[in-house]
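S.K.: Sharing a structure with you now.
Nothing in this text is a laboratory measurement; each read-out follows from the coordinates by a stated rule. Treat the numbers as computed from the prediction; the structure is a model and nothing was measured. Every residue, glycine among them, receives a Cβ derived from its backbone with ideal geometry; neighbour counts consider all protein chains shown.
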Amino acid sequence: MPYPFVLHDFSNVGFSGPGRRFPGFPTQARSKVHMLAAREAIMIQARPGDLISIDGLSPETPLHLAAFDAQGSSALGALSLTASEGLTTDAFDSARFFGWLAANGGYRDSPVPCHCLTGETSPLILKTSQPISVWLIRQSDASALIQGDGGGSIKVTHQPAQTGDLLLPDPLGDVRDEFTVPRGTGFAYEVNAGEGLQIIDVEGQQCSDFMAFRADGLDRGEEWMIDSTATRSMVRRAFPGPGLMDKFFDREMRPLLNVVQDTCGRHDTFGLACTARGYEERGFPGHVNCSDNISNALAPYGVARRSAWPAINFFWNTWIDPATHHLMTAESHSRPGDYVAMRALEDLVCVSTACPDDIDPINGWNPTDVHVRIYRPDTPIRRAVAYREKEDAPMSISQESAFHDRLAPLTEHFAPARDLWAPVSYPGHGTLGEYWACREAVTLQDMSGLRKYDIIGPDAGKLLQLATTRNVAKLPVWRGSYTLICDESGAIIDDGTLFRLGPDLFRWCCGSEESGRALNALATARGLQVRIHEMRNALPNLALQGPKSRELLRKIAFTQPHVPSLDHLKWFGVTVARLNDRDGAPFMLSRSGYTGELGYEIFCAKSDALAIWDAVFQAGAEFGIVPMGSAALDIIRIEAGLAAANAEFAPGVDAFEAGLGFAVDLTKADFMGKPALERNARDPRRVLKGLKLRCDDIPAHGAPVFAGERQVGIVTSATRSPMLECAIAMVRLSVEHADSGTELDIGQLDGRMKRLSGTVTDIPFIDPQRKRARA
């Protein structure tokens, strides 16, 4: 039976050797979307004919626009705008803007000309008449931001003009060389030690096989190349990524490249580049293939020909099926313009292909082009990964938090926390040192990756009463409560803390943007008079936790008489304070946290972040303050029995099964998911409990829990408790086996060959009455 696919004719695009260049092909212009929160500033590099669309403007949320030509002179006229006023330098996070101005020779001492857009037309569409750098700036007073009056996000869309040039992401720095690898071809090239290398999927869903050799080895006739087995063994994961586990190694375990940026995140190191034999055995003799293209491209470097080349298959979506252990593949996750950026650690000879496979989902059945850029050694490329709020949302590259200048000297161990890098641990103290400091003294942790929303308007309380599981009508001003947003099945969309800052003003601090989408959808469906302001990264925050946290804050927190003082803050109380005195940096202060200890959270403007960090650390020196990372926090939150997303709660798990029934008020008249939760509360099948193990082995998430030979639950989170001196686990159990004191086993080695025995307990494991947090 013939294959129902059209075989592309690649006869006119054979292999390419060193030095050959290819022109770009016309492609559909792709727009880029930016969301500006209060006090943010972004820059757009615009070409003639580009369109800039701005939506969400209003007199309450204006936007300031400045434009500059290549010489740094004002170019507002290129957008048919005139200067209307200057910028207020302390009304936005201006360091990047003025740094750019200084580097580009403009307006060091003079007022910066700008135009204020206030929303007379929405959306407002501007068209550029010449190449310019456009700065869009959201001004807002820091005190207004803290108190929930910073205004909502403004959506800015940049639509490039249609041209005959290849549309590519902006360069990451100083490009030494670049070229296009047309579909169905391979290209070999040299990269020197220290240089950057960027491999770009031009149109999306296109696999690009890659291999690199040590140049000094080839000079001696030795083929020292990337070894995928050595690489996986060294980095302890399927594919290197930005962070600590970022390198490709040869078979002698010598690093050749490190991954600096990755906007796709799904690649293959298991399979070969496609081969002639692979096509022949499926009925396609003579099909162009990557292995032959690699051999042909590398021939001028003296590399021996192979029928099947091992390769790093960038953008090829593969995985190992956990049930059958088969190697699986599907269409790529890469979008147009996705890329991997690496740094060469040795002089290398590299080869890249644009895979010709049009009979599999590898390339979406439509092979396209790949583009390669090589950057000079002095080009700084910061490490980053892509973050998307959901699958079809605009991509943002992970950023350093507002506190990064204080974190970076203390640790190099960072991991992505949504769109920010967050510290995992600090080697000066170690995870256990951070743990005990939180238990016995005081710790400070960057928690800026939390999402924040301000919900404002006459129907704000009504919306939140419909959306959340707690009774918002009982929430006074200057108080907060831990609550949930559930879907119709009772499964948790998001959890977080809801603070009431005024009669019609709430701040929702949560884990993901999904709850923001749920709030917007509900407000629209019910026709409510409410504004939902997404704060994005405009409100960085710190967690100050531990028994000495209140004593520390007494030294630096100043409050006005009309708001609660520090000593008046009970558990989940909130206030607005200033640093040291009435003229100090403003911040929102809440008595809350994720540790089960006495603790507080501090929310501030970006521009005040470093000053607040410094003041807290200086005041905390006498109390033995220690910075804390996510590894120590995870131990503490498990001991405290605190739920986490994708662990205790996940799709298909309702609030009661997640152990969060205490946050559900079924006496409320109506809220999302109430009928399902009422049904599940009457007849629960599974509950969340603790299991105290008689060993130090830490079971994996998802490990089966057995009563004899029958599985009766799974592990949701586990750690070794330093305080209890044994391993502990939170487990979801069938109700028939959930009584405290029941003896159960966690299965290891397929659940049969090894068992970790333990006793069912209530959670929290430590301080069940939460007396420490209420102290």
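S.K.: Measuring from a point 7 Å past the Cα of Ser129 along Cα-to-C-beta, which residues in region 37-81 have an amide N at less than 12 Å?
M.R.: 49, 76-81
S.K.: What distance in nm separates the two pseudo spin-label positions at Gln71 and Val175, each 7 Å out from Cα along the beta-carbon direction?
M.R.: Placing both labels 7 Å beyond Cα along the Cβ direction yields 2.6 nm.
S.K.: If we count other beta carbons within 10 Å of each Cβ, what is the order of Arg755, Arg266, fewest first? Walk me through the numbers on the way to the answer.
M.R.: Values: Arg755 15, Arg266 18.
Ordered by Cβ neighbours within 10 Å, fewest first: Arg755, Arg266.
S.K.: Suppose only helical runs count, i.e. DSSP H with n ≥ 4. What mean residue ellipticity at 222 nm does that imply for the chain under -39500 (n - 2.57) per run, divided by all residues and rounded to the nearest 500 deg cm²/dmol?
M.R.: Counting only the DSSP helices, I get -4000 deg cm²/dmol.
S.K.: First obtain the Kirkwood hydrodynamic radius of the chain from its Cα pairs, then insert it into the Stokes-Einstein equation at 4 °C and 1.567 mPa s, and state the resulting D in µm² per second as a whole number.
M.R.: 45
S.K.: Longer than 21 Å from Cα to Cα, which of Lys474/Lys555; Lys474/Lys668; Lys548/Lys771; Lys452/Lys771; Lys390/Lys606; Lys155/Lys390 are they? Say none if no pair is. Intermediate results must be reported in sequence, preceding the final value.
M.R.: Details: Lys474/Lys555 33 Å; Lys474/Lys668 11 Å; Lys548/Lys771 15 Å; Lys452/Lys771 28 Å; Lys390/Lys606 25 Å; Lys155/Lys390 17 Å.
Checking Cα-Cα distances, Lys474/Lys555; Lys452/Lys771; Lys390/Lys606 exceed 21 Å.
S.K.: Counting Lys and Arg as +1 and Asp and Glu as -1, what is the net charge of the other residues whose Cβ lies under 10 Å from the Cβ of Gln147?
M.R.: Local charge sum for Gln147: -2.
S.K.: Taking a ≥ b ≥ c as the square roots of the Cα gyration tensor eigenvalues, with a/c under 1.5 meaning rounded and otherwise prolate when a/b beats b/c, else oblate, which class fits region 32-159?
M.R.: Since a/c reaches 1.5 but b/c is at least a/b, the shape of region 32-159 is classed as oblate.
S.K.: Write out the GluC sites (Glu not before Pro) in region 271-367 meeting two conditions: DSSP loop, and at most 10 other Cβ atoms within 10 Å of their Cβ.
M.R.: Here the sparse-neighbourhood loop sites are Glu281.
S.K.: Assuming R0 = 60 Å, what is the FRET efficiency of Thr524 and Ser757, from their Cβ-Cβ distance, to the nearest 0.05?
M.R.: 0.70
S.K.: Here is a further query. Near Lys692, which lysines are there with a Cα under 20 Å away, not counting those fewer than 8 places off in the same chain?
M.R.: Result set, ordered by chain and number: Lys754.
S.K.: While we're here: Give the calculated FRET efficiency between Arg236 and Phe98 to the nearest 0.05, with a Förster radius of 41 Å applied to their Cβ-Cβ distance. Show your work: numbers first, answer last.
M.R.: Numbers: r = 43 Å, r/R0 = 1.05.
That pair, Arg236 with Phe98, gives E of 0.45.
S.K.: Turning to a different aspect of this structure: Please compute, for the alpha-carbon atoms of region 175-387, the extent along each of the three principal axes and give them in descending order in Å.
M.R.: 47, 41, 31
S.K.: Taking R0 as 22 Å, what's the FRET efficiency between Glu622 and Asp405 from their Cβ-Cβ distance, rounded to 0.05?
M.R.: Calculated value: 0.40.
S.K.: Evaluate the charge dipole of the chain about its Cα centre and quote only its size in Debye, nearest 20, assuming +1 on the Cβ of each Lys and Arg and -1 on the Cβ of each Asp and Glu.
M.R.: My answer is approximately 1720 debye.
S.K.: Could you sort the peptides 267-279, 534-546 by per-residue average Cβ neighbour count (10 Å cutoff), highest mean leading? It would help to have the intermediate numbers written out before the result.
M.R.: On the way: 267-279: 20.8, 534-546: 24.2.
Per-residue mean Cβ counts within 10 Å order the peptides as 534-546, 267-279.
S.K.: Between the alpha-carbon centers of region 70-88 and region 420-455, tell me the distance in whole angstrom.
M.R.: Cα centroid of region 70-88 versus Cα centroid of region 420-455: 43 Å apart.
S.K.: Turning to a different aspect of this structure: Could you rank the peptides 292-301, 92-101, 582-591 by their average count of other C-beta atoms within 10 Å per residue, with the highest value first?
M.R.: Most protected by this proxy first, the peptides run 292-301, 582-591, 92-101.
S.K.: Measure off 7 Å from each Cα along the Cα-to-Cβ vector at Ser565 and Glu412, then give the distance between these two points in nanometres to one decimal.
M.R.: That separation, rounded to one decimal, is 4.8 nm.
S.K.: Still on this structure, I have one more. If you wrap a convex hull around the C-alpha atoms of region 496-615 and split its volume per residue, what is the figure in Å³?
M.R.: Considering the Cα atoms of region 496-615, their hull volume per residue is 121 Å³.
S.K.: How far apart, in nm, are the 7 Å Cα→Cβ label points at Thr89 and Arg770?
M.R.: So the label points at Thr89 and Arg770 sit 4.6 nm apart.
S.K.: Mind ordering 553-563, 316-326, 428-438 by average Cβ neighbours within 10 Å, highest first?
M.R.: 428-438, 553-563, 316-326
S.K.: Shifting gears a bit: Can you tell me the Rg and the Dmax, both Å, for the Cα atoms in region 685-773?
M.R.: 12.3, 41
S.K.: Just going by the charge dipole of the chain, with Lys and Arg at +1 and Asp and Glu at -1 on Cβ, which of Pro586, Gly271, Gly364 is farthest out on the positive end?
M.R.: So the residue we want is Pro586.
S.K.: Let me ask you something else. Order these by the 10 Å Cβ neighbour count, fewest first: Ser307, Ser549.
M.R.: Ser307, Ser549
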